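Engineer: Have a look at the structure that comes next, please.
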Amino acid sequence: MVGAVLAPLVGSGISIVGGGSDRGRRIAAKLGWLSAVLAITTAVSVALGGSFGVTLEGLYGRPILGLFADQLTVTLLVLVCGVGAVVQSFALRYLLMDRRARRFCAAANVVVVAMAVVSTSTTAAGLVVAWVAAGIGFVVVVGARPDLPGVRWSAQRTLEMFALGDLALVAALALIWMRAGNVDLISAGAMRLAAGRIGGLSGVVALLIVIAALTRSAQGPFGRWLPGTLSAPTPASALLHAGVVNGGGILLIRLGALTGDSMLAMVAAFAVAAGTATVATALMTRKPDIKGALVFSTMGQMGFMIAECAVGAYLAALVHLVGHGMYKATLFFGSGSQVPRLGQAPTAPVNVNSRLTRTFAAVTTAAGAVGVMALIPGVLYHRGGFVLLIFTAATAMTAGWAWWDRPPGSIRMAAVWVALMLAAGALYGLVLGALGSWIDPALPVAGVGTLNPWWLLSMAAGGLAIAGLVRIAGMQRRLVAVLVTVGAPPAPPGRRNPTGPRDSRIATPSGVTRSANLSTESAR
């Protein structure tokens with residue numbers, strides 16, 4: 001476990017002292033993969049031999065700093081180290097012959113190390129120090145190419161918002177330290193005892209922790225920094241969306257015993273997350289560039305993840321966190337390849353695309369996916385499990401409806417599609433059930449302040465209602481035009497409608513201009 005955390009740190013040092021050649025970066029990339037392998041080895045050790053840790057103790061045997069490997073922390077460790085290794089390998093080719101590449105490599109490794117410590121720290125002090133270090137490291141990653149348009153501005157905005165969230169978390173740590181000392185994050189009993197010692201300040205502490213999580217996950221008024229990061233190179237975007245914005249969920253899961261008892265904090269987290277998810281989902285479909293759409297998709301996904309934490313569905317939030325990290329990194333790495341694909345003209349639809357047939361396909365795939373998932377042991381027994389089945393049905397129904405809009409629509413292909421949806425539902429159910437059985441003992445218990453999981457459905461229904469009202473009132477384009485400007489750098493003199501960096505644009509079959517923000521990345 002210690003090797004998995006320290007290997008990227010060694011790689012960061014090698015990339016700095018390696019001079020202008022790419023040899024140091026190649027060694028750092030290999031150390032990244034070594035870190036991922038060691039993280040997987042640690043997970044196997046936990047599965048076979050149980051939890052273990054390494055702790056630096058102070059006076060009276062109290063832990064000062066340390067790392068701990070149990071089902072929860074080692075799952076997060078594998079995610080962080082795996083994403084870090086993939087990002088470094090991609091950047092090794094993407095930033096080839098870039099004289100600032102070693103700066104990116106060093107800072108990215110610092111982010112990986114810091115997030116690994118956040119995921120495995122045994123003490124509150126260690127977690128907060130690593131949290132601040134991860135924020136600083138990512139600001140350096142965003143500003144690694146100051147010669148590109150909009151990079152300096154986005155790095156400054158990111159630094160300002162991260163400083164706000166980090167200050168809130170440091171203030172929460174100070175209050176905890178005054179009342180309960182350096183809290184042991186591994187023992188649920190110790191965290192509950194610390195929450196009791198905090199007393200009347202427990203609500204303030206929980207609200208400060210929620211503010212820190214909302215800021216790092218780009219939610220509500222604390223999320224204006226995220227759209228500006230589009231000016232950063234693609235490896236920076238992949239690291240951000242797969243390993244940094246997830247930090248809000250990691251924080252709320254690890255400190256769930258300190259936040260879950262505050263109704264005010266949970267309501268605030270749910271309200272901000274629900275509003276962000278609604279707005280960001282609307283913007284995702286209207287953004288004219290590929291990476292911009294992915295940015296608002298991330299904001300919406302993180303909003304749903306924060307809402308899951310607010311209702312105490314920590315297992316669902318963890319599955320969402322891990323799945324989003326891997327999926328979004330893949331999408332960013334392949335964003336450049338989407339430009340030529342978007343320019344291809346669609347094939348004419350066939351006659352089978354009748355509304356009745358599409359409805360039947362949508363309902364069939366939804367019912368089949370939910371039916372298969374419901375048969376998987378353990379899916380319905382965790383908090384919010386039944387609510388997730390409803391979201392699974394909606395997702396499958398949407399996919400089934402959309403598929404019939406694309407040829408070929410033969411009966412054979414329809415049968416294949418339904419079979420694939422059933423397999424996907426079964427796979428998701430197996431992952432959820434297996435991960436629940438594996439990780440449930442290490443998850444925090446939902447506090448008395450957490451909301452009812454059915455509020456997740458109210459969030460979805462409210463979002464659909466608001467979107468419908470806006471569309472009926474004819475305000476959609478105006479609202480989207482206003483909201484898209486959030487996070488855009490100020491207009492330089494002599495330019496009328498700047499949106500940050502110039503985009504490589506093409507016209508899609510629907511007439512909407514799309515891009516991949518490739519011109520800002522030196523077109524390597």
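The values are calculated or read from the model by the stated rules, or taken from the named source; none is laboratory data. Remember, predicted model here, so these are calculated numbers, not experimental data. We place every Cβ from the backbone using ideal geometry, glycine too, and count neighbours over all the protein chains shown. All accessible areas refer to the heavy atoms of the entire protein, side chains included, with ligands and DNA or RNA removed. Shrake-Rupley method; radii C 1.70, N 1.55, O 1.52, S 1.80 Å.
Engineer: Name the residues in segment 167-196 that are touching a Pro at 6+ places or on another chain (Cβ under 8 Å) and not in a helix (DSSP H, G or I), would you?
Structural biologist: Asn182, Asp184
Engineer: A follow-up question, please. Applying the selection to segment 98-120, what residues are open to solvent by 40 Å² or more (accessible area, probe 1.4 Å) and either among the polar types (S, T, N, Q) or part of a helix (DSSP H, G or I) (or both)? Break it down into steps so the answer makes sense when it comes.
Structural biologist: Initial filter on segment 98-120 (open to solvent by 40 Å² or more (accessible area, probe 1.4 Å)): 99-100, 102-103, 110.
Passing the criteria: Arg102, Arg103, Val110.
Engineer: Return a yes/no flag: does segment 127-147 have any residue that is part of a loop (DSSP other than H, G, I, E, B) and open to solvent by 30 Å² or more (accessible area, probe 1.4 Å).
Structural biologist: yes
Engineer: Within segment 313-329, can you find the residues that are over 12 Å from His382 (Cα atoms) and in contact (Cβ under 8 Å) with a residue 24 or more places away in the chain?
Structural biologist: Once the filter is applied, which keeps residues that are over 12 Å from His382 (Cα atoms) and in contact (Cβ under 8 Å) with a residue 24 or more places away in the chain, segment 313-329 yields Leu318, Val319, His320, Leu321, Val322, His324, Gly325, Met326, Lys328, Ala329.
Engineer: Scanning segment 37-56 for residues that are of a type in the set (S, T, N, Q) and either assigned to a helix (DSSP H, G or I) or open to solvent by 80 Å² or more (accessible area, probe 1.4 Å) (or both), which turns out nearest to Leu76 (Cα to Cα)?
Structural biologist: In this case the residue turns out to be Thr42.
Engineer: Still on this structure: Which one of the conditions (1) at pLDDT 85 or above; (2) surrounded by fewer than 22 Cβ atoms within 10 Å (Cβ to Cβ) does Ala310 fail to meet, given that it meets all the rest?
Structural biologist: Status for Ala310: all satisfied but (2).
Engineer: Regarding Val78, is this residue part of a helix (DSSP H, G or I) and either among the hydroxyl-bearing types (Ser, Thr, Tyr) or under 30 Å from Ala442 (Cα atoms) (or both)?
Structural biologist: On the way: part of a helix (DSSP H, G or I): yes; either among the hydroxyl-bearing types (Ser, Thr, Tyr) or under 30 Å from Ala442 (Cα atoms) (or both): yes.
Criteria met by Val78.
Engineer: Let me ask another. Do we have any residue at all in segment 259-277 that's open to solvent by 10 Å² or more (accessible area, probe 1.4 Å), under 18 Å from Thr122 (Cβ atoms), free of Cβ contacts under 8 Å to residues at least 60 places away in the same chain and polar (S, T, N, Q)?
Structural biologist: Taking every residue of segment 259-277 in turn, none turns out to be open to solvent by 10 Å² or more (accessible area, probe 1.4 Å), under 18 Å from Thr122 (Cβ atoms), free of Cβ contacts under 8 Å to residues at least 60 places away in the same chain and polar (S, T, N, Q).
Engineer: Here is a list: Leu214, Leu255. Which entry is open to solvent by less than 30 Å² (accessible area, probe 1.4 Å), at pLDDT 85 or above and more than 26 Å from Gly150 (Cβ to Cβ)?
Structural biologist: On the way: Leu214 fails: more than 26 Å from Gly150 (Cβ to Cβ).
From the options Leu214, Leu255, the qualifying one is Leu255.
Engineer: Can I ask one more? So which residues in segment 197-226 are closer than 18 Å to Leu264 by Cα and either outside any helix (DSSP H, G or I) or β-branched (Val, Ile, Thr) (or both)?
Structural biologist: If the condition is that a residue be closer than 18 Å to Leu264 by Cα and either outside any helix (DSSP H, G or I) or β-branched (Val, Ile, Thr) (or both), then Ile198, Val204, Val205, Ile209, Val210, Ile211, Thr215, Gln219 are the ones that fit.
Engineer: Yes or no: Gly303 within 24 Å of Leu76 (Cα to Cα) and assigned to a loop (DSSP other than H, G, I, E, B)?
Structural biologist: no
Engineer: If the requirement is being within 22 Å of Ala238 (Cα to Cα) and open to solvent by 40 Å² or more (accessible area, probe 1.4 Å), which of these qualifies: Leu95, Leu76, Leu34?
Structural biologist: Unique residue meeting the criteria: Leu34.
Engineer: Give all pairs with beta carbons closer than 6 Å in which a residue from segment 187-215 that is free of Cβ contacts under 8 Å to residues at least 12 places away in the same chain meets a residue that is not hydroxyl-bearing (Ser, Thr, Tyr); count only pairs at least 6 apart in sequence or on separate chains.
Structural biologist: What qualifies is Ala190/Asp184.
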